[in-house]
Every structure is written in C-alpha cells, then in structure tokens.
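The structure appears below as structure tokens.
The values are calculated or read from the model by the stated rules, or taken from the named source; none is laboratory data. In this text, all values refer to a predicted model and were calculated from it rather than measured experimentally. FYI the Cβ positions are ideal-geometry reconstructions off the backbone, even for glycines, and counts take in every protein chain you see. We work out accessible area using only protein heavy atoms, side chains counted, and drop any ligands, DNA or RNA first. Shrake-Rupley method; radii C 1.70, N 1.55, O 1.52, S 1.80 Å.
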Amino acid sequence: IRWATFFIMVAGFLFALAASTLFHSELALTAPKSAWIVFQEHEKFARYTLWMAGITVVLKGIGDFFKFNRRIYDVVVLAAALTATTFIYRAALYGAMLTHIEGVGPQGNYLAHEEVGKKKKDSESRDNK
C-alpha cells in the first residue's frame, strides 16, 4: 500500500504541475489593479504548493525506497504534506477572491485568452462589413 500511495502522490503532483503550466489561465492586461494584487498572491501560494508537494513526494519516495525508521520519517512526510495543504488552502482562498470578489473568470471577465478571442471576433466582424 505504501507504493500505491506513492504513485498516487506522484500522479497528483504531475496533474498539479500540468494545471499550473499547460492549462493555466492568465489575467488580462485590462483587469483592475486589485485583481492583479490578488492574482499575484494566488500565484505565489500556488508555486509554494507545487514546491512543497514535490518535496513531499520526494521525501515519501526516499522513505519508501530506503525503508527509514517508519514512525519518525512518516511524521516528517506528514509535516511536509500538512505544509503543502496550508499553502493550497491559501492559494484556493485567493482564487475564490479572484472569482467571487474581483469577478475574474465567471463569464470570461479579465481572462487573457478570452480577451484575445473577443478581439479576433471584433476584427472578423469589421472585416465582414
């Protein structure tokens, strides 16, 4: 079960890495300054989460591979996982502030890829006229 847990942790880390790099939305340049401040905090804690999750996976892998003193080492891995959980809580808090307070995203507001899509549609409609 230890190896199954390790592989689930690796998969979770890889999905989080993909979500933060490949599938991540960017804030539009037209977004208000307050949204940018919240977005920067969200990004900071998301990076902390990713790093801490990676460290936790590495610690878990080392402990399982070398079979260190289980109780003491598992407490270290648990502490790393709880730290990552704290960071993800903060990132989620700022993400919720972005959507619910700053209005980023729900209808495509202030998202960079949506802004590019709107500009293309506007230019196409002008060309057709």
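Residues of segment 19-46 being open to solvent by 90 Å² or more (accessible area, probe 1.4 Å), part of a helix (DSSP H, G or I) and farther than 18 Å from Ile101 by Cα, which ones? None - no residue of segment 19-46 is open to solvent by 90 Å² or more (accessible area, probe 1.4 Å), part of a helix (DSSP H, G or I) and farther than 18 Å from Ile101 by Cα, so the list stays empty.
Number of residues in segment 59-74 that are free of Cβ contacts under 8 Å to residues at least 24 places away in the same chain and within 30 Å of Glu41 (Cα to Cα): the value is 1.
So, of the residues in segment 75-98 that are without any contact (Cβ under 8 Å) to a residue 40 or more places away in the chain and in contact with a helix residue (DSSP H, G or I) (Cβ under 7 Å, 6 or more places away or on another chain), which turns out to be most open to solvent (accessible area, probe 1.4 Å)? Per the criteria, the residue is Val76.
Every listed requirement among (1) modelled with pLDDT of 95 or more; (2) over 30 Å from Phe6 (Cβ atoms); (3) of a type outside the set (Val, Ile, Thr) is met by Trp36 save one, (1). Apart from one condition, Leu50 fits all of (1) out of contact with any strand residue (DSSP E or B) (no Cβ under 7 Å at 6 or more places or on another chain); (2) within 23 Å of His100 (Cα to Cα); (3) surrounded by 11 or more Cβ atoms within 10 Å (Cβ to Cβ); the exception is (2).
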